[in-house]
Amino acid sequence: IASGKANVIFGPWARTEFFMNVGTGFHSNDARDVVMNSSATTLPRAIGYELGIRSKPWTWAEFLATFWLLDLQSELVFVGDEGTTEPRGKTRRLGTELSARISPVECLSIRGDITYTDSEFRKTGDSVPLAPEFTAFSSVTTHFPFGLSSTLQMLTVGSRAATEDRSVLLEPFTIFDLILRYKIPVSPPIGRLEAFLSVLNLTDTDWRQAQFLYESRLPG
């Protein structure tokens, strides 16, 4: 499958640049469908467009804003009662992303990303089940002088459609993780040795990462 891409960047002016991207590719979210069904729709064509602005007004701060569009020739949708996926036709996704990278002092790094996506079937206008809508990720990293660093990070996935008509919405969740990293001094020929300690779901949140809607289910 031949794919191509093109990028155009304007600038920088006042440490700010504008960019446009376009690219084609192919997509599958279930390898079983590709193996069992050799039709072309199991690896549908994808074409994406992106407009954005990137600015670094100070040496310690960088900001990014993009608007993008993604068209899929066919969308694979999970069918719970059969435990597999099936193609449902062409889809379009419109999305925005805002990002920031800030390091006000040498020992502190702050990162933030927010995305919002609207996904729908082009023929009917129905929502794409399980497709993420609002997501956010942020982290704060502190660097200590003796080789130790700590990162506190947050992930949020907002509510999203479980069905095409949005009659059922999935539960949103927010989780926090703590990651400690220690660079261990070593001599050649070993270049670098690091030790990690991760505390996942720091606040002990009750959350469901995988959520599906089955047509046949017990009441309630």
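Tally Lys and Arg at +1 and Asp and Glu at -1 over the other residues with C-beta under 14 Å from the C-beta of THR66: what net charge comes out?
Result for the neighbourhood of THR66: -3.
Just how many pairs of Lys in the chain have C-alpha atoms closer than 30 Å, counting pairs that are eight or more places apart or on different chains?
Number of lysine pairs found: 5.
For a quick check of your reading of the filter: which trypsin sites (Lys or Arg not before Pro) in the stretch 97-162 sit in a DSSP loop and have no more than 10 other Cβ atoms within 10 Å?
Sites meeting the loop and neighbour criteria: LYS123.
Do any chymotrypsin sites (Phe, Trp or Tyr not before Pro) in the stretch 135-209 lie in a loop, going by DSSP, with at most 11 other beta-carbon atoms within 10 Å of their beta carbon, and if so which?
Here the chymotrypsin sites (Phe, Trp or Tyr not before Pro) that fit, given the DSSP loop and packing criteria, are PHE146.
For the chain, which whole-number percentage of the solvent-accessible area (1.4 Å probe, protein heavy atoms only) is attributable to carbon and sulfur atoms?
Percent of accessible area from carbon and sulfur atoms in the chain: 60.
Select from GLY48, GLY25, GLY80 the residue whose mean-square fluctuation is largest in a Gaussian network model of the chain (Cα-Cα springs shorter than 10 Å).
GLY80
Run the helix sum for the chain: -39,500 (n - 2.57) per DSSP H stretch of 4+ residues, divided by residue count, reported at 222 nm to the nearest 500 deg cm²/dmol.
-500 deg cm²/dmol
For the stretch 50-89, what is the Kirkwood estimate of the hydrodynamic radius, computed as the reciprocal of the mean inverse distance between distinct Cα atoms, to one decimal in Å?
13.8
With a cut-off of at most 10 other beta carbons within 10 Å, and DSSP calling the residue loop, which GluC sites (Glu not before Pro) in the stretch 1-82 qualify? Please list them.
Filter output for the stretch 1-82: GLU82.
Would any residue of the stretch 53-96 have its amide N under 18 Å from a label point 7 Å out along Cα→Cβ of HIS143? List them or say none.
58-62
Any chance you could run the full-extension gain for ARG32 through GLU194? It's 0.36 nm times the residue separation minus the Cα-Cα distance, nm to one decimal.
54.5 nm
Run the 1.4 Å probe and let me know the accessible area of ILE53, rounded to the nearest 10 Å².
About 60 Å², rounded to the nearest 10.
For TRP13 and PHE134 in the same chain, what is the full-extension length gain: residue separation times 0.36 nm, less their Cα-Cα distance, in nm?
Full-extension gain reported as 40.4 nm.
Please calculate how many Å² of accessible area the stretch 1-156 carries per residue, with a 1.4 Å probe and no DNA, RNA or ligand atoms counted.
59
Please identify, among SER74, SER187, SER103, the residue showing maximal mean-square fluctuation in a Gaussian network model of the chain using a 10 angstrom Cα cutoff.
The residue that fluctuates most here is SER187.
Give the distance, in whole Å, between the Cα centre of the stretch 45-96 and the Cα centre of the stretch 134-211.
Taking the Cα centre of each part, the stretch 45-96 and the stretch 134-211 sit 22 Å apart.
Given 25 °C and 0.890 mPa s, how large is the Stokes-Einstein diffusion coefficient of the stretch 137-220 in µm²/s, with Rh as the Kirkwood radius over Cα pairs?
In µm²/s, the coefficient rounds to 150.
Going by accessible area, probe 1.4 Å, with all protein chains left in place, what is the ranking of LEU193, LEU148, largest first?
LEU193, LEU148
The values are calculated or read from the model by the stated rules, or taken from the named source; none is laboratory data. The structure displayed is predicted, hence computed values, not measured ones. Reconstructed Cβ throughout: ideal geometry from the backbone, glycine too, with neighbour counts over all protein chains shown. Remember, those area values only see protein heavy atoms, side chains included, never the ligands or the DNA or RNA. Shrake-Rupley method; radii C 1.70, N 1.55, O 1.52, S 1.80 Å.
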